[in-house]
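In what follows, a structure is listed as C-alpha cells, so that the remarks can point back to it.
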Amino acid sequence: MLFVAPHRAMFLSGAVMLLVSFAMWALELSARAGLMPAIGWVLPPAWMHALLVTSGVFPFFMFGFLLTAMPRWQGYDEIAPGRWLWAWRLLAAGWALTVAGMLVPGIAILGLMLVLVGWGGLQRILWQVAHHGDLEALHARLVCYAMIAGMAAVLAWLGFAASGNPIWARVAIEVAVFCSLLPVFFGVCHRMVPFFSSGVIPAYVMVRPLWVMVLVVGGSALHAVLDVAGLQALRWVVDAPAAFAALWLSRQWRPVPALKVPLLGMLHIGFLWLGIALTLFSIQGVASLLGYAVLGLAPLHAIGVGFFGSVLLAMVSRVSLGHSGRKLVADRLTWGLFLGLELVVVIRVLAEVVPAGWSATVMLLAVLGWLGVFGAWATRYLPIYWRPRSDGRPG
C-alpha cells in the first residue's frame, strides 16, 4: 500500500526525515545549552541543520504533493509506481547515507550524489507533467522550475561537502530557500488556497493576480542574489514590495471567515506568515542600511517554521485525509497541533531577540516543541500511508 500512490511514500519519508533531522538539531542545542557533551559532527552544525531541512525534509513533502496534484492540474494520467519508485529509492537511500555522514566522514558525499540522481528522475516526471497539454500551466511550470533550483542547491551542498568552502553552503541555502522552497510553497498556495476557499466561503471571489506572483517570486530570487553578493542592506528594495503583495493577497483571500473551517483556516494562517516574514526582512534590510544589525535569523525562521512549517502541516494533513477516503475535517488533535506549531513559531522568532545567554535554551525549547507537534502528528497520520483507503477506492 505504501507504493500505490507517490504521496504515501514521499510523505512517510519526509516525516521520518523531519523527526530524525530535528532530533539531531535538538542534541546539538542541548550541548550548546550545557545539558550534554558536544557532539563531533562532520559538518558544522548550523550547515548540517540547513542542509537536512531545506534540501531534505521539505522536498520530500513537495515531491509527494506535486506528483499527486500536478497531474490533476494538467489533465495528465496518474503516475504509475514504475515511473517514480526507483527515483524515490535513490532519494531515500541518499538521505539515509547523508544523515549517517553527519557522524562518519566521507559518506555524505556519496549520499548527496544518490540524492541528485533520484531528484533528477523525479524532476523528469515533473517536467513532463508541467509541459503536458494546452491547459493553463503557470503554476505547474513555476513549481517545476523551482524544483530544478532545489536540485541546484543539492549540487551546491555537494560542492560544500567535498571542498569545505563555506561559499558553497551559503549559495546552497539561498538557492534552496528563496529560489526553490518559497516559490513552490507560494505557487501551491496561489493556486490552491483560493480554490479551497471558494468551496467553503459564501460568495467567494477567487483572487490570483499575476503581479503578486511577480513581486513575491521575483523578489525572492533577487533577495537570494543580493544575499550571496553581500548586499544585505539593499534587500529591502525587493523585500518590501513582496511583503506588501503577500499581506494584500492574504487579506483578499478572506482569512477571517476561513477560520470557521479549521482545515482551511490552517492554510490561511500559514500563508499569513509569508507576509510577516518578508516584513521582518524589510525591517532588517533598512536597519542594515542605517548601520544596525537587528533580528538575526528571526525573518528566516518566520519563513521556515512559520510559512513552510504551517502550510506543510495544513496541506499534507488535507491531502492525507482526502486521498485516503476520509472526511476533509481537521479533528481536535490536528487543530490543536497546528495551534501548538504557531506557538513554536513565536518562540523560535523570539529566540533571536532574547539576551544572548538565553538564546540556545529558547531555541531548544522551540525545537522540542516542533518535535512534539510533528511527533504527535506522525502518530495520527503516518499509519494512513500503509493502509488501504477507507472508501475502498484505489490510490
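Observations
- Any hit, the stretch 372-381, residues being among the hydroxyl-bearing types (Ser, Thr, Tyr), more than 30 Å from residue 282 (Cβ to Cβ) and either surrounded by fewer than 22 Cβ atoms within 10 Å (Cβ to Cβ) or over 17 Å from the mean Cα position of the chain (by Cα) (or both): yes
One line per residue, one yes/no per condition, for (1) of a type in the set (Gly, Ala, Ser); (2) open to solvent by 50 Å² or more (accessible area, probe 1.4 Å); (3) in a helix (DSSP H, G or I); (4) closer than 25 Å to residue 5 by Cα:
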position: 77; (1), (2), (3), (4): no, yes, no, yes
position: 86; (1), (2), (3), (4): no, yes, yes, yes
position: 92; (1), (2), (3), (4): yes, no, yes, yes
position: 102; (1), (2), (3), (4): no, no, no, no
position: 113; (1), (2), (3), (4): no, yes, yes, no
position: 120; (1), (2), (3), (4): yes, no, yes, yes
position: 126; (1), (2), (3), (4): no, no, yes, yes
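- Applying the criterion of at least 3 residues that are open to solvent by 10 Å² or more (accessible area, probe 1.4 Å), among the β-branched types (Val, Ile, Thr) and touching an Asp or Glu at 6+ places or on another chain (Cβ under 9 Å) to the helices (runs of 4 or more DSSP H) found wholly in the stretch 294-355 leaves an empty list.
- Hits in the stretch 312-329 - residues which are at pLDDT 95 or above and either over 19 Å from the mean Cα position of the chain (by Cα) or farther than 27 Å from residue 27 by Cβ (or both): 314, 315, 317, 318, 319, 320, 321
- Test: residue in the stretch 203-226 that is at pLDDT 95 or above, surrounded by 22 or more Cβ atoms within 10 Å (Cβ to Cβ), among the small types (Gly, Ala, Ser) and over 21 Å from residue 246 (Cβ atoms): no
- Matching residues, the stretch 37-56, being in a helix (DSSP H, G or I) and either at pLDDT below 95 or more than 13 Å from the chain's Cα centre (by Cα) (or both): 45, 46, 47, 48, 49
- Residue in the stretch 152-173 that is in contact with a Phe, Trp or Tyr (Cβ under 6 Å, 6 or more places away or on another chain), open to solvent by 30 Å² or more (accessible area, probe 1.4 Å) and free of Cβ contacts under 8 Å to residues at least 40 places away in the same chain present: yes
The values are calculated or read from the model by the stated rules, or taken from the named source; none is laboratory data. Bear in mind that the values here come from a model prediction, so they are computed numbers and not experimental data. In this analysis, Cβ positions are derived from the backbone assuming ideal geometry, glycine residues included, and neighbour counts consider all displayed protein chains. For the accessible areas, the whole protein counts, side chains as well, though only heavy atoms, and no ligand, DNA or RNA atoms are used. Shrake-Rupley method; radii C 1.70, N 1.55, O 1.52, S 1.80 Å.
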